[in-house]
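Bear in mind these aren't lab numbers, they're just calculated from the coordinates by the rules spelled out. Every value quoted in this text rests on a predicted model; they were computed, and no experiment measured them. So basically every Cβ, Gly included, is an ideal-geometry build from the backbone, and we count neighbours across all protein chains shown.
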Amino acid sequence: MPTERKSAQRAQEPIRTSHPLTGKFIVFDGVDGCGKSTQLDEFEKYLSAAGVAYRRFREPGGTIIGEHIRNILLTQRGEGMHIRTEMLLYMASRAQLVYQEIRPALAAGMAVLTDRYTSSTLAYQGAAGGVPISDILATATAATENLWPDLTIILDVTIAEARQRTSKKGRFQQIGLFEDRIEQRAAQFHERVREGFLAQCTQFPDTYRRVGATGRKEVVSQRIMTVLKTYFNIKK
Ligand code: TYD
């Protein structure tokens, strides 16, 4: 067993190379506050119990270069960065992650989970930011050399609910600075992001699934597991 695989393997031995999720690339995405991270934690528990070797990454980031880019993106937000610069930086972080981590992991037969991917760029910089979808798809093709997920799960919640969930973390407040007009603009932006994710589910029905993410964590993770089991034809 290659060392990298051994260290990434968080499951009980033996590794099940025959599992339908072996070598599959799965993305969890959705608006800020949709619960992706919590649901990825739950899915990791399933993979561990099933003995599937996997790696999990977040975007932007996941590599040293990517974390530098993440820093630029998340600290310079709204400070004069052109939307196309933003789009290209997200893609640059992605290119590094794909070549340094994702492709090698998939080649070694691991399942790869990511928290966001090109679907986020299509929603944030595309649907909400105004960059044409065709430009983003062409850039993604170049950045990843055509690496698309086997499945993208869009966790869908209303912006009102997402806002409630993130209020603890203060993210919407940070964007809105407690000022009504600005907060209103932030809410409209997030509505367009949500519409952008839903539009992708319609545009790419073969590789996208929308999962309603309203309700208790256990209920949502049950819904996700049902979708995954059907999609990948997992028996149990
Ligand atoms: P992060 O703190 O990681 O948020 P989350 O936990 O919701 O993923 O910040 C990532 C932010 O970057 C998030 O607001 C979405 C945004 N983003 C884009 O705008 N475009 C992209 O391509 C990606 C990957 C993320």
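Estimated from the Cβ-Cβ distance and a Förster radius of 25 angstrom, the FRET efficiency linking Lys45 and Tyr99 is about 0.30.
Projecting label points 7 angstrom from Cα along Cα→Cβ for His82 and Arg216 puts them 5.1 nm apart. Sorted from greatest to least, the principal axis extents spanned by the alpha carbons of the chain come out as 56, 37, 31 Å.
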